[in-house]
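What follows is a single structure, written as structure tokens, with notes after it.
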Amino acid sequence: MRIRFWGTRGSLARPGPSTLRYGGNTSCVEIRADDGTLVVLDCGTGAFGLGQTLAPEHARRGHLLITHTHWDHIQGFPFFAPLFAAGNDWDLYAPGGEGRRLETTLAGQMEHTYFPVALAQMGATIRFHDLVEGGFTVGGFRVAAQYLNHPALTLGYRLEADGAAVVYAVDHEPHLREGPEAAGLLSGVEGAGPVHPEDRRHIAFLAGADLVIHDAQYTAEEYPGRITWGHTPAEVAVDYALAAHTRRLALTHHDPLRDDDSVDRIVEVCRARVRASGGALEVIGAAEGLTLELSRQEGGAREPEWPASPPERRRGPETVLVVDDDPAVVDVLADTLRLDGFRVLTAADGEAALRIARIERPAIILLDWHMPRLDGMVVARTLRAEADAYFREVPIVLLTAEVGAEGTKEGFAAGVTDYLTKPFKPPFVSARVRVWLTRTAPR
Ligand SMILES: [Zn+2]
Ligand SMILES: [Zn+2]
């Protein structure tokens, strides 16, 4: 398996003398299996260079896996030459599950206001695949897709071929973000493991990979001012990779404010962190033009843990129950979710929440922790204890201003599915609700 980086910058292209070594183009990685299968991960501005360089015989058939449709992951799409050549045959994949979401989004970027050529005028045969979490096959690759934590519905991809495994996880933020553990999210690396089950799930996704290409947009020092922006401090990327026993970590999605020397310093800090841990992880900074060969390793590849084909997403308008004694919070959540096409029911206290949940059986319950009389933790425990299996399965998400490691443990012990931290950003709410509803693996 051969990997080449074409775009390593996050958020915004930043060409210029200060970014010559690591590159200024946004996200794009080329991966080729030994059998010739071509996969392109993300289509930021780096895709332009890849498209120009691919020999015609190599561009005829390809697979484009998009993590999400923020600009820095799709702006190179209208400039990706292989899609304009008649006779070429490309498959495009991105998170969706709600019909023609990917095609509509990409076509929107190419409306005449923004671009002179419409999507429908591209010469290649293009097939669009809206993904949820799951495993599937792309030519010679086995692929597993898993949701990341970002203010847009975002998938990470694990690709396995030729006895090697690579994971691409950009635009992801740790799930446990507050409290002393958050600085070294995985302070439990040596002990019990990270507190938040979603962080443990992320580590399992990276487990044993030969190469992890991971978001490392911030430093641990910068991160407290960037919470909910959807990116990982480089030090936490190291902790994830160490906990997952991966062989090599490529830090990527470099912040546009970062010059080459400051990326060098981050790489050095991360290498020192590995040495201090006693681990054997190799850390590099992903650089435009860098090519890596992954060869067969003992125990590198593993079977994805989910079904071979992604299941159909539940259809029809789903009901969300929002419970909070603060009407302003209810309004923000209800407005966001109604715009996303959900039927929204609301309650202002725990008793009403129990009553509505039993009658309406919503697809998901967003539940304030601190309410007078019956608080959210009690409501969660009560629902989980009901005999009906529905109450054991329905996602219950606790709304809270702050939750450290202790609160997190208490909630998960009470049967809470996850937390949503106030104040809410509507895109984060939309993305997380979709994740909780489409998640298919056992919680
Ligand atoms: Zn990005
Ligand atoms: Zn993004």
| field | Filter result (assigned to a loop (DSSP other than H, G, I, E, B), more than 19 Å from Gly278 (Cα to Cα), of a type in the set (Gly, Ala, Ser) and more than 16 Å from ligand 2 (Cβ to nearest atom)) within segment 198-256 | value | Ala220
| segment 52-79, residues that are among the aliphatic types (A, V, I, L, M) and within 12 Å of ligand 2 (Cβ to nearest atom) | Ile66, Ile74
| Among the residues of segment 162-171, how many are crowded, with 24+ Cβ neighbours inside 10 Å and assigned to a strand (DSSP E or B)? | 5
| query | Out of the residues in segment 408-431 that are without any contact (Cβ under 8 Å) to a residue 60 or more places away in the chain and part of a helix (DSSP H, G or I), which is nearest to the chain's Cα centre (by Cα)? | reply | Gly411
| task | From the list Arg338, Arg381, pick out the single residue that is free of Cβ contacts under 8 Å to residues at least 12 places away in the same chain, outside any strand (DSSP E or B) and not assigned by TED's automatic domain parsing to the domain that holds Asp199. | result | Arg338
| field | Of all residues in segment 46-66 being out of contact with any strand residue (DSSP E or B) (no Cβ under 6 Å at 6 or more places or on another chain) and not small (Gly, Ala, Ser), the one that is nearest to Thr8 (Cα to Cα) | value | Phe48
| query | How many residues, within segment 119-157, are outside any strand (DSSP E or B), of a type in the set (Val, Ile, Thr) and either without any contact (Cβ under 8 Å) to a residue 24 or more places away in the chain or surrounded by fewer than 18 Cβ atoms within 10 Å (Cβ to Cβ) (or both)? | reply | 0
| said: List the helices (runs of 4 or more DSSP H) inside segment 47-112, counting only whole elements, that have at least 1 residues being within 19 Å of Arg434 (Cβ to Cβ) and under 17 Å from the mean Cα position of the chain (by Cα). | reply: 71-74, 101-109
| said: Would you confirm, using the coordinates I've provided, whether Val397 is assigned to a strand (DSSP E or B) and touching a residue at least 24 places away in the same chain (Cβ under 8 Å)? | reply: yes
| Subset of segment 65-84 that is surrounded by fewer than 23 Cβ atoms within 10 Å (Cβ to Cβ) and more than 16 Å from ligand 1 (Cβ to nearest atom) - its residue that is nearest to Thr105 (Cα to Cα) | Pro78
| field | Matching residues in segment 1-36 - criterion: being open to solvent by less than 20 Å² (accessible area, probe 1.4 Å), away from ligand 2 (no atom under 16 Å from the Cβ) and either part of a loop (DSSP other than H, G, I, E, B) or over 14 Å from Ala250 (Cβ atoms) (or both) | value | Met1, Thr19, Gly23, Gly24, Ala33
| query | Is it true that Gly23 is assigned by TED's automatic domain parsing to the domain that holds Leu211 and within 16 Å of ligand 1 (Cβ to nearest atom)? | reply | yes
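The values are calculated or read from the model by the stated rules, or taken from the named source; none is laboratory data. These numbers come from a predicted model, not from an experiment. Quick reminder, even Gly has a Cβ in these numbers, built from the backbone with ideal geometry, and neighbours come from all protein chains shown. Side chains included, ligands, DNA and RNA excluded: accessible areas come from the protein's heavy atoms. Shrake-Rupley method; radii C 1.70, N 1.55, O 1.52, S 1.80 Å.
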